[in-house]
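A.B. asks: Got a structure here, written out as structure tokens. Questions coming.
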Amino acid sequence: PQRQRTLTDFYRSV
Amino acid sequence: MFEARLVQGSLLKKILEATKDLLTEATFDCSSTGMSLQAMDSSHVSLVSLMLRSDGFDAYRCDRNLSMGINLTSMTKIIKCSSNDDVVTIKADDNNPDTVTFMFESPNQEKVSDFEMKLMDLDTEHLGIPETDYSVVVKMPAQEFQRVCRDMSQIGESVTICCTKDGIRFSASGDLGTGNIKIAQSANVDKEEEAVVIEMQEAVTLTFALRYLNFFTRATSLSGQVSLSMSPEVPLVVEYKIADMGYMRYYLAPKIED
């Protein structure tokens, strides 16, 4: 039931 | 002109070992501050962040900022040509911007090798990671963390980390059953490296893929201690300090209920 998130879900590209 | 001399050349072997499961190529950014690297694995689930401060090198010169796109597989092949007690110097010449040179000197100076490696033009994505006050920071022996990750991956693909002021609990479940490992905060320890220390603002429970945590533990030889920084529903930071020079950090996105 748990889904793997990606880092781009949390941090923006700079 | 860029030149960085490292008497403890074997450090580069350890750093490459610590990235090999996650990255095949990365950009080393060189400035007067030092050498740094930030790169995500191909699935964008984890990120490697390396910092080697200029004052940690035995000699360091960087006249202007430089980004070196490096095939890490090629660099590993070249660094394997050095002996563990060799002094390693990394050089890049402004007149020859497409290559980097690695020079290896034996401690008695009787053997000197140099290898020139082609650089790559990498279009890498850089993430802005804000300074964060984490709810929990756990410091523990790096070997203990490696052991826990290895043991948990016998049981399942994911580990749930639950941290309270009493200690840190790792739990996994799978087809064969379940496993829990609870490690208490050290009451008193003689050696700082053997201590388990928990700084906590609020209790946190998060779930992570063990595949990546096991990749991170390839950095165990870099440091006696590892720190785990966690807050609810944000990526975990796993940090190995590199003595007197900087750090190897890994970021891992959690698994969250839909």
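A.B. asks: For the condition closer than 23 Å to B:LEU52 by Cα, out of contact with any Leu (no Cβ under 6 Å at 6 or more places or on another chain) and of a type outside the set (A, V, I, L, M), what is the one hit in B:GLN201, B:GLN225?
C.D. replies: Just a single option satisfies the conditions, and that option is B:GLN225.
A.B. asks: Continuing with this model, one more query. Name the residue, out of B:ILE198, B:ILE181, that is in a strand (DSSP E or B), touching a Phe, Trp or Tyr at 6+ places or on another chain (Cβ under 7 Å) and away from chain A (no Cβ under 14 Å).
C.D. replies: Matching residue, one of B:ILE198, B:ILE181: B:ILE181.
A.B. asks: Can you list the strands (runs of 3 or more DSSP E) found entirely within the range B:203-258 that contain at least 3 residues being within 14 Å of chain A (Cβ to nearest Cβ)?
C.D. replies: Because the criterion is at least 3 residues that are within 14 Å of chain A (Cβ to nearest Cβ), the strands (runs of 3 or more DSSP E) in the range B:203-258 that meet it are B:204-209, B:236-242, B:246-252, B:255-257.
A.B. asks: Which one is nearest to B:ASN95 (Cα to Cα), of the residues in the range B:22-35 that are touching a residue at least 40 places away in the same chain (Cβ under 8 Å) and surrounded by fewer than 17 Cβ atoms within 10 Å (Cβ to Cβ)?
C.D. replies: If we take residues in the range B:22-35 being touching a residue at least 40 places away in the same chain (Cβ under 8 Å) and surrounded by fewer than 17 Cβ atoms within 10 Å (Cβ to Cβ), then B:GLU25 is nearest to B:ASN95 (Cα to Cα).
A.B. asks: Answer yes or no as to whether B:VAL48 is under 22 Å from B:MET120 (Cβ atoms), part of a strand (DSSP E or B) and out of contact with any Phe, Trp or Tyr (no Cβ under 8 Å at 6 or more places or on another chain).
C.D. replies: Against the criterion (under 22 Å from B:MET120 (Cβ atoms), part of a strand (DSSP E or B) and out of contact with any Phe, Trp or Tyr (no Cβ under 8 Å at 6 or more places or on another chain)), B:VAL48 does not qualify.
A.B. asks: List the pairs whose first member sits in the range B:183-200 and is under 19 Å from B:GLN146 (Cβ atoms), whose second member is among the basic types (Lys, Arg) and at pLDDT 95 or above, and whose Cβ atoms are under 6 Å apart, counting only residues at least 6 apart or on separate chains?
C.D. replies: Going by the 6 Å Cβ cut-off, the qualifying pairs are B:VAL197/B:LYS139.
A.B. asks: Out of the residues in the range B:40-62 that are over 11 Å from the mean Cα position of the chain (by Cα) and within 14 Å of another protein chain (Cβ to nearest Cβ), state the one that is surrounded by the most Cβ atoms within 10 Å (Cβ to Cβ).
C.D. replies: Once the filter is applied, the top-ranked residue is B:SER46.
A.B. asks: Now a separate question. With respect to B:VAL159, is the statement that it is within 14 Å of another protein chain (Cβ to nearest Cβ), of a type in the set (Val, Ile, Thr), buried (at least 20 other Cβ atoms within 10 Å of the Cβ) and under 21 Å from the mean Cα position of the chain (by Cα) true?
C.D. replies: Taking the combined requirement at face value, the residue satisfies it.
The values are calculated or read from the model by the stated rules, or taken from the named source; none is laboratory data. Nothing here was measured: the structure is a model prediction, and the numbers come from that model. Heads up, the Cβs are rebuilt from the backbone with ideal geometry, glycines too, and the neighbour counts pull from every protein chain shown.
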